[in-house]
1. Just to verify a result, which residue in the stretch 75-123, among those that are within 11 Å of the chain's Cα centre (by Cα) and polar (S, T, N, Q), is farthest from Val35 (Cα to Cα)?
2. For Leu58, state whether it is in contact (Cβ under 8 Å) with a residue 24 or more places away in the chain, within 17 Å of Leu4 (Cα to Cα) and either surrounded by 11 or more Cβ atoms within 10 Å (Cβ to Cβ) or in contact with a His (Cβ under 8 Å, 6 or more places away or on another chain) (or both).
3. Check Ile100, Ile106 and return the single one that is assigned to a strand (DSSP E or B), on the phi < 0 side of the Ramachandran plot and of a type outside the set (Gly, Ala, Ser).
4. Does at least one position in the stretch 15-36 carry a residue that is surrounded by 14 or more Cβ atoms within 10 Å (Cβ to Cβ), hydroxyl-bearing (Ser, Thr, Tyr), in contact (Cβ under 8 Å) with a residue 24 or more places away in the chain and out of contact with any strand residue (DSSP E or B) (no Cβ under 7 Å at 6 or more places or on another chain)?
5. So which residues in the stretch 46-57 are touching a helix residue (DSSP H, G or I) at 6+ places or on another chain (Cβ under 9 Å), farther than 17 Å from Phe91 by Cα and modelled with pLDDT of 90 or more, if there are any at all?
6. Quick one: in the stretch 9-44, of everything that is part of a helix (DSSP H, G or I) and among the acidic types (Asp, Glu), which residue is farthest from Glu102 (Cα to Cα)?
7. Considering (1) out of contact with any strand residue (DSSP E or B) (no Cβ under 9 Å at 6 or more places or on another chain); (2) within 21 Å of Pro32 (Cβ to Cβ), say which one Leu72 fails and leave the rest.
8. Which of the residues belonging to the stretch 87-97 are in a loop (DSSP other than H, G, I, E, B) and either of a type in the set (D, E, K, R) or farther than 12 Å from Asp110 by Cα (or both)?
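The values are calculated or read from the model by the stated rules, or taken from the named source; none is laboratory data. These figures come from a predicted structure and were not determined experimentally. With ideal geometry, Cβ positions are generated from the backbone for all residues, glycine too; neighbour counts draw on all protein chains shown.
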Amino acid sequence: MKILIDTNVLIWWLRSDQQLKAEAIKLLENNPVYVSIVSCWEIFIKMQTKKLRMPVNLDEGLEDSDFGLIPLKLDHLNTLEKLDMYHKDPFDRVIIAQAIHENLTIMTSDKIFKKYPVSFLKA
């Protein structure tokens, strides 16, 4: 199974946050894991607006974690265009579209993701 982690899961992972359950950590340690470039963008925006502090440099954290990075492609946006508007967050909608297009399983704590035709793991 290949896992695309939502932004909240990435933040929890990099912070070693206890909100990330032991079962989720085991899955992340034993499967290929990917991060959307959109999650990085969202984190940088939150850091710039002082809504988020990160204990590690994002580049180093991703490299140390050995997570793959998913770029944003026009194909992802074409998939996004066809999605229902269950979710209003544009970052999450792109991540959902990427998971659908790339056939990845999403790990998140956001239950709205379940409304979309994508494999889902609870964080």
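1. Step by step, filter the stretch 75-123, then rank; the result is Ser109.
2. Yes.
3. It is Ile106.
4. no
5. Arg53
6. Within the stretch 9-44, the match that is farthest from Glu102 (Cα to Cα) is Glu23.
7. Just one mismatch for Leu72, condition (1).
8. Within the stretch 87-97, Lys88, Asp89 meet the criteria.
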